[in-house]
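The values are calculated or read from the model by the stated rules, or taken from the named source; none is laboratory data. All values reported here derive from a predicted model rather than from experimental measurement. For neighbour counting, all protein chains shown are included, and Cβ atoms are generated from backbone atoms with ideal geometry for every residue, glycine included. For the accessible areas, the whole protein counts, side chains as well, though only heavy atoms, and no ligand, DNA or RNA atoms are used. Shrake-Rupley method; radii C 1.70, N 1.55, O 1.52, S 1.80 Å.
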Amino acid sequence: MINEYLVMAKIFIALLFLIWFGILDYRTRDIPDKYIWIWGGISIFFFIVSLILYRNILSWFIIYTLLSLMIGPGLFGLLSYFELMGWADFFAVLWITLMFPIPDIYLVNLVHVPLFFHFPPIIPIILYSSLSIALIVLFRGLYSLVRYRKMMPPNASTRDKVALLFTGRVVSVKKYLSMKHYYPLTIPKVEDGKVVFKIRRSFDIYEEYEDYQRELKKLLDNGLIEPEDKIWVTYGIPFIIPLLLGFIFTVLVGDAPLLYLLMII
């Protein structure tokens, strides 16, 4: 019973921080360091409590913890190092890993699988998060295919078209100048006195969208582009939000889908 109360407390706090961070990430693309470290301190506290609670099976606890740290924070640390993901995402994964280093989160699942083995919780959390991103991208792509397929840049290759459809949307230059946290995928460049739109398939997470807006404003003021000219832009998907979805799904069904899939294979 004590274990279940502890798990419920950890789930509540993790959900609180993930929802809070998700709102901040969506609105401002910035999560203040002090909030990240507050969650970190709470996570370390719960890790120590769990370590004391499971001290009778210390070797099992250590093995699961090491696996969790290598798979979750290890992977996200590499992604953050190579600037493929923000450091806030890494710390969110790290704190979740420390809060749930062992399979005690499965005690409150709606679906239970009567097996001795369970995956470290961070594995289904990351997998479900990635699946939610894939579904979001798929639905976005289908919507764009219907609405924007006739607005493809004439110089777009097949790979460019796929990337634009599944990650972008079309807006006018005038509208883009009033948008926040959107990044252009078709970037106007002046060549031989005229504007040519260069296509890219992604953006750097450390870019500032205001820089592009200033450049477009200059081109607009110089009469090189028109307010109603169309460009492709992308918002990207802040990973904290899919991480929240993956965490909720793990709380509900645990690693049952993965275990059933493993048994089928």
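Details
- Single residue of the range 14-27 satisfying the filter (at pLDDT below 90 and open to solvent by 70 Å² or more (accessible area, probe 1.4 Å)) that is farthest from the chain's Cα centre (by Cα): ARG27
- Single match in GLY223, GLY246, GLY254 (criterion: of a type outside the set (Asp, Glu), without any contact (Cβ under 8 Å) to a residue 12 or more places away in the chain and out of contact with any His (no Cβ under 6 Å at 6 or more places or on another chain)): GLY223
- Which listed residue is closer than 21 Å to ILE123 by Cβ and under 22 Å from the mean Cα position of the chain (by Cα), from LEU51, LEU66, LEU78: LEU78
- Of all residues in the range 138-188, those being assigned to a loop (DSSP other than H, G, I, E, B) and open to solvent by less than 70 Å² (accessible area, probe 1.4 Å) number 10.
- Test: residue in the range 235-243 that is open to solvent by 40 Å² or more (accessible area, probe 1.4 Å), over 15 Å from the mean Cα position of the chain (by Cα) and not charged (D, E, K, R): no
- Where helices (runs of 4 or more DSSP H) fall wholly inside the range 204-265, the ranges with 2 or more residues that are touching a Pro at 6+ places or on another chain (Cβ under 8 Å) and among the aliphatic types (A, V, I, L, M) are 209-221.
- One residue alone among ILE237, ILE241, ILE231 is in contact with a helix residue (DSSP H, G or I) (Cβ under 9 Å, 6 or more places away or on another chain) and modelled with pLDDT under 90, and that residue is ILE237.
- Qualifying residues in the range 189-225 (those that are farther than 30 Å from PHE139 by Cβ, at pLDDT below 90 and of a type in the set (Asp, Glu)) - the one surrounded by the most Cβ atoms within 10 Å (Cβ to Cβ): GLU191
- Of the criteria (1) touching a residue at least 12 places away in the same chain (Cβ under 8 Å); (2) out of contact with any Asp or Glu (no Cβ under 7 Å at 6 or more places or on another chain); (3) within 30 Å of LEU252 (Cα to Cα), which one ASN155 fails: (3)
- Residues that are open to solvent by 80 Å² or more (accessible area, probe 1.4 Å) and within 9 Å of VAL113 (Cβ to Cβ), drawn from the range 246-262: TYR260
- Identity of the residue in the range 65-108, outside any helix (DSSP H, G or I) and open to solvent by 10 Å² or more (accessible area, probe 1.4 Å), that ends up nearest to SER202 (Cα to Cα): LEU84
- Close pairs from the range 35-63: first closer than 15 Å to LEU16 by Cα and of a type in the set (Ser, Thr, Tyr), partner part of a helix (DSSP H, G or I) and open to solvent by 80 Å² or more (accessible area, probe 1.4 Å), Cβ under 9 Å, at least 6 apart: TYR35/TRP20
- Search result, residues across the range 28-40 that are open to solvent by 40 Å² or more (accessible area, probe 1.4 Å) and more than 24 Å from LYS180 (Cβ to Cβ): TRP37, ILE38
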